[in-house]
Amino acid sequence: MPLITTKTSTEISKEQEVSLKEKFGKAIELIGKSESWLMVEFQDNCRLYFKGSDENCAMIEVDLFGKATDSGYDALTEKLTEIVENELGIDRGRIYVKYNEISHWGYSGFNF
């Protein structure tokens with residue numbers, strides 16, 4: 001049950017959004033999760049400053065039920081950074097990826 005939230009200072013077109021969603025769906029497999037439970041959220045045109053500059057940047061948050069391995073997180077960070085850099089033209093040095101491991105996750109009226 002992962003959720004990937006992407007906040008970016010740039011605009012995300014509908015075509016880019018669909019492409020990002022599809023690529024995130026494949027990338028999430030790197031930590032043993034599947035697209036069938038993946039929720040994706042996009043927040044574009046955010047007022048973000050990184051390293052004191054308003055140059056294009058992005059913040060990606062991955063919330064997941066349970067945990068993943070360090071090597072899985074490393075691989076997913078590399079892949080998400082690559083995807084956002086290629087799709088939105090944001091330099092990888094201006095992208096943060098944050099992970100939140102969740103022990104309780106509700107769905108359809110119950111908790112896992």
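Candidates are the residues of the range 83-112 that are assigned to a helix (DSSP H, G or I) and among the hydrophobic types (A, V, I, L, M, F, W, C); the one that is farthest from Glu29 (Cα to Cα) is Leu88.
Checked against (1) farther than 19 Å from Met1 by Cβ; (2) acidic (Asp, Glu); (3) surrounded by fewer than 16 Cβ atoms within 10 Å (Cβ to Cβ), Glu61 passes all but a single condition, namely (1). Flag set for Lys21, criterion: basic (Lys, Arg) and under 24 Å from Tyr107 (Cβ atoms). Restricting Ser36, Ser108 to residues that are more than 27 Å from Ser13 (Cβ to Cβ) and exposed (fewer than 11 other Cβ atoms within 10 Å of the Cβ) narrows the list to Ser108.
Within the set Ile12, Ile4, the sole residue that is open to solvent by less than 20 Å² (accessible area, probe 1.4 Å), of a type in the set (Val, Ile, Thr) and over 14 Å from Asp63 (Cα atoms) turns out to be Ile12. Would you confirm whether any residue within the range 91-101 is at pLDDT 95 or above, among the hydroxyl-bearing types (Ser, Thr, Tyr) and either surrounded by 12 or more Cβ atoms within 10 Å (Cβ to Cβ) or under 11 Å from the mean Cα position of the chain (by Cα) (or both)? Looking for residues that are at pLDDT 95 or above, among the hydroxyl-bearing types (Ser, Thr, Tyr) and either surrounded by 12 or more Cβ atoms within 10 Å (Cβ to Cβ) or under 11 Å from the mean Cα position of the chain (by Cα) (or both), one finds at least one in the range 91-101, hence yes. As a summary of the residue check, Lys79 satisfies the conditions (1) more than 14 Å from Lys7 (Cα to Cα); (2) over 12 Å from the mean Cα position of the chain (by Cα) except for the one numbered (2).
Condition (residue is at pLDDT 95 or above, open to solvent by 70 Å² or more (accessible area, probe 1.4 Å) and of a type in the set (Gly, Ala, Ser)) applied to the range 39-52: is it met by at least one residue? Yes - at least one qualifying residue is present in the range 39-52.
The values are calculated or read from the model by the stated rules, or taken from the named source; none is laboratory data. Bear in mind the structure is a predicted one, so any value in this text is a computation, not a measurement. All Cβ positions, glycine included, derive from the backbone under ideal geometry; neighbour counts span all protein chains shown. Please note that ligands, DNA and RNA were not included when accessible areas were found on the heavy atoms of the full protein model with its side chains. Shrake-Rupley method; radii C 1.70, N 1.55, O 1.52, S 1.80 Å.
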